[in-house]
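The values are calculated or read from the model by the stated rules, or taken from the named source; none is laboratory data. The structure presented is a predicted model; accordingly, all values stated were derived computationally and were not measured. Neighbour counts run over all protein chains shown; Cβ positions are idealised from the backbone, glycine included. These accessible areas exclude ligands, DNA and RNA; they are computed on the full protein's heavy atoms, side chains included. Shrake-Rupley method; radii C 1.70, N 1.55, O 1.52, S 1.80 Å.
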Amino acid sequence: MRRHLGQTRAGESQRAGPHLQSQPLCQLLRRLSLSLRGQKPAAEKSFPQQHGRLFREEKHYGEIMWLSQSRYNCYVTIIVNAVTETACTGSGFKEQAEQFFRSGHTNNWAVLVCTSRFWFNYRHVANTLSVYRSVKRLGIPDSHIVLMLADDMACNPRNPKPATVFSHKNMELNVYGDDVEVDYRSYEVTVENFLRVLTGRIPPSTPRSKRLLSDDRSNILIYMTGHGGNGFLKFQDSEEITNIELADAFEQMWQKRRYNELLFIIDTCQGASMYERFYSPNIMALASSQVGEDSLSHQPDPAIGVHLMDRYTFYVLEFLEEINPASQTNMNDLFQVCPKSLCVSTPGHRTDLFQRDPKNVLITDFFGSVRKVEITTETISLQPDLGILESRDKEDWMDEELIEPLKYAEQLPVAQIIHQKPKLKDWHPPGGFILGLWALIIMVFFKTYGIKHMKFIF
């Protein structure tokens, strides 16, 4: 039977027990961390012999054989159990162990996919562009976003307002904007290209903007919307991707160390069926509907003639508008944004593959970006360097003094736009009102004077 680090046989309890308590378990964590990085720790002759079964030793305790990746999960389990079950129950050891196993991603990526063509699927393009706008607002740059749009609604001949895509019935929020960078468009959006982006198996000639250059410290957001069914999602009305193919692609990503944690969101009919086959670790999944349910549209617009968004994505984006880069809102709050009373369908989520508790996972861990901040107590002078300025011409220096300081532009008050009431339009009589009024006047005239008085009019 396997024994934890803090458990001993009866015959060696007096010999090993005090020695184990005197050796902090954080020393083991440090050794494990260094070994995984390929670094050798300094030799320590106090390293307990009872832990020799964890590391294959040679002549000295400090010289150990480095761990293989295949045995990493086993050792992680042993160390976690040791932290919680041995006599070393001090808060300091637990905090250090928790810090060691806490997610420490260093970069964020987003893959946003719209799989539908044709004008009546306008809402799917608006869904994807709205999520694109939100992740950019929270800090993920275009260089870390792969945007795939199966159709160009902004340039569709049926669009009454060309070069625009609206996500709200007031038609005041143009999510297409001037800075949208579409990486895969039209017939480039295929199942093959999508799987190649995820797994990294793309031709060498592919430009950098079309690559998912993630690593084992990347948190990835994957959002998909379109028409689907039980276990599949349609691409371009010509092909489909199954939940098995998607699960195998995520497993390849995990084996190739292409993500640290992954958040999968899908807005389609029977969306929960797409994450049923997932089996790779560190994946959290959300869907707009359960198996057997339809995902419904939202906000019909008479001027455009179609629905502008889907219900689930609309309420998710309304929730994200209240999030800022420093927000402490967690994933449990995101699970509750669209109850059945609002979505009509039943949203679902899956967290059994995810290592961390969702209440400890911030929304910005996936929708935001890592910001490197250096804290200092020193005073930093922002005055220009006089040595450089003296070398410049005096006239240039005067011109620079006259330049007004740069100011940040005010952000678009999107939250106010979403919650505001529709504008009251000026009242105009309907087209047949004037004609009916004239007919009424003529009828009253004939009833009062009769036909014999017509000769006085004409």
* To do: May I ask you to say which residue of ASN127, ASN159 is in contact with a strand residue (DSSP E or B) (Cβ under 7 Å, 6 or more places away or on another chain) and polar (S, T, N, Q)?
  => ASN127
* Restricting the search to region 173-197, which residues are modelled with pLDDT of 90 or more and acidic (Asp, Glu)? -> GLU181, ASP183, GLU188, GLU192
* Asked: Quick check, is TYR259 within 24 Å of TYR279 (Cβ to Cβ), part of a loop (DSSP other than H, G, I, E, B), touching a residue at least 12 places away in the same chain (Cβ under 8 Å) and aromatic (Phe, Trp, Tyr)?
  -> yes
* In this structure, is TYR176 in a helix (DSSP H, G or I), aromatic (Phe, Trp, Tyr) and open to solvent by 10 Å² or more (accessible area, probe 1.4 Å)? -> no
* Asked: Say we look at region 255-310 and pick out the residues that are open to solvent by less than 40 Å² (accessible area, probe 1.4 Å) and among the aromatic types (Phe, Trp, Tyr); which of these is nearest to CYS338 (Cα to Cα)?
  -> PHE264
* **Those residues of region 278-316 which are β-branched (Val, Ile, Thr) and either in a helix (DSSP H, G or I) or touching a Ser or Thr at 6+ places or on another chain (Cβ under 8 Å) (or both), in sequence order** => VAL291, THR313, VAL316
* **All positions within region 207-248 that are buried (at least 19 other Cβ atoms within 10 Å of the Cβ), of a type in the set (A, V, I, L, M, F, W, C), out of contact with any Cys (no Cβ under 9 Å at 6 or more places or on another chain) and not in a loop (DSSP other than H, G, I, E, B)** => ILE220, LEU221, ILE222, PHE232, LEU233, PHE235, ILE241, LEU246
